[in-house]
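Trainee: Next up is a structure, given as structure tokens.
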Amino acid sequence: MKPARRGLWVMVLCFVVLGASSAEAWEVRDTASAAAFGAFHDSFAPAAFHFPRHGAGPLGWVGFNLYADVAAVDGFGDEDFADDDLPGSAIRGSLPGDFLSIARVGARKGLPGGFDLGVAYGEVLDADFDLLSADLKWSIIDGGLLKPALALRITGTKSDGSDTYDFTQVGADLTFSKGFANLVPYIGIGVLRSESSLDRPGGDTLEVDSTDQVLFAGVTINLLVPKINLSVEQGEHLQAAVRFSLGL
């Protein structure tokens, strides 16, 4: 099998296994207390951030990238707001394995001037809503054999699918990376502004917002087809992610 075709099948298989969740197993409870809903938002917002999961260098105007990734958030299911047995908890049902897991497929396209444009569809596994994201990255320093790369990125994310819960987020991050042979390690920091609203029975609406800081680090392993990215990300909770990608 040709390498490009093999890489594509790796990505497809990844999402058949990771994205084919069972019928919706949990949702944001429309009778959640204000305290529980606020606690849920504070934990969910950083986890929902559309992290870069790649180095700071530009794709170039002929470059493109297709990817599939999945992240798992440790400790999310252990919080009181996720305990379905507690009155007023924010979650009805159970999270798979007590983890918050978000799987994404997306595409990035290089543009002139060191800019990259990206879009992504994210599935919050076993939940009744999804996440739609877009981002624009500018490589301030392109990087090279001896020179590191530095990039500024802006992002936006919005939920879709739930009749009662809405989530929106805008963010910005800085990524610093340096390539070594077929490895590109990177570190970064981001800031994000998030808003959640919940329509409750009787016409009452809960609204919460937050401003958060996130940290992230990772490495891209260039196997030509596919490229593999491993990352660790810190928001309210620690999370780990793996990405498979192909492109120029």
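The values are calculated or read from the model by the stated rules, or taken from the named source; none is laboratory data. What you see is a predicted model, and the numbers here were worked out from it, not measured in a lab. Note that each Cβ is placed from the backbone with ideal geometry, even for glycine, and that neighbours are counted across all protein chains shown. Just the protein is used for accessible areas: all its heavy atoms, side chains included, with ligands, DNA and RNA removed. Shrake-Rupley method; radii C 1.70, N 1.55, O 1.52, S 1.80 Å.
Trainee: Let me have the 222 nm mean residue ellipticity of the chain computed from DSSP H runs of 4+ only, each contributing -39500 (n - 2.57), with the sum over all residues rounded to the nearest 500.
Mentor: Mean residue ellipticity, 222 nm, calculated: -4000 deg cm²/dmol.
Trainee: Measure off 7 Å from each Cα along the Cα-to-Cβ vector at T205 and D98, then give the distance between these two points in nanometres to one decimal.
Mentor: Placing both labels 7 Å along Cα→Cβ, they lie 3.6 nm apart.
Trainee: Principal axes first, then extents: for the Cα atoms of region 16-159, list largest minus smallest coordinate on each axis, whole Å, largest first.
Mentor: Result for region 16-159: principal-axis Cα extents of 56, 31, 24 Å.
Trainee: If you don't mind, another one. Let me check I have the definition right: for region 160-229, take the eigenvalues of the Cα gyration tensor, multiply each by 5, take square roots. What are those semi-axes in whole Å, largest first?
Mentor: Details: eigenvalues 296, 49, 8 Å².
The three semi-axes for region 160-229 are 38, 16, 6 Å.
Trainee: Something else now. Could you tell me what percent of the accessible area of the chain is made up of carbon and sulfur, with a 1.4 Å probe and every protein chain present?
Mentor: Roughly 64 percent, rounded to a whole number.
Trainee: Ok, one more. Give the angle, between 0 and 90 degrees and rounded to the nearest 10, that separates the Cα long axis of helix 34-47 from the longest principal axis of the Cα atoms of the chain.
Mentor: The two axes meet at around 10 degrees.
Trainee: How much length is gained if the chain between L136 and V232 is pulled fully straight, taking 0.36 nm per residue apart and subtracting their Cα-Cα distance, in nm to one decimal?
Mentor: On the way: separation 96, 0.36 × 96 = 34.56 nm, distance 2.17 nm.
Gain on extension, L136 to V232, equals 32.4 nm.
Trainee: A follow-up question, please. Over the chain, give the accessible area per residue in Å² for a 1.4 Å probe, as an integer.
Mentor: Working: 11530 Å² over 248 residues.
Solvent-accessible surface per residue comes out at 46 Å².
Trainee: Also, quick follow-up: Which number do you get for Rg(Cα) / (2.2 N^0.38 Å) in the chain?
Mentor: Here the Cα radius of gyration is 1.04 times the empirical estimate.
Trainee: Related question: Could you check the simple spin-label distance between N222 and E195, using points 7 Å along Cα→Cβ, in nm with one decimal?
Mentor: Inter-label distance under the simple model: 4.2 nm.
Trainee: Would you kindly derive the ³J(HN,Hα) couplings of region 136-141 from the backbone phi angles with the Karplus curve 6.51 cos²θ - 1.76 cosθ + 1.60 (θ = phi - 60°), listing them in order in whole Hz, with x for Gly and Pro?
Mentor: 10, 10, 10, 7, 5, 10
Trainee: Is the shape of region 69-128 best called rounded, prolate or oblate, per the rule: a/c under 1.5 gives rounded, else a/b larger than b/c gives prolate, else oblate, with a ≥ b ≥ c the square roots of the Cα gyration tensor eigenvalues?
Mentor: prolate
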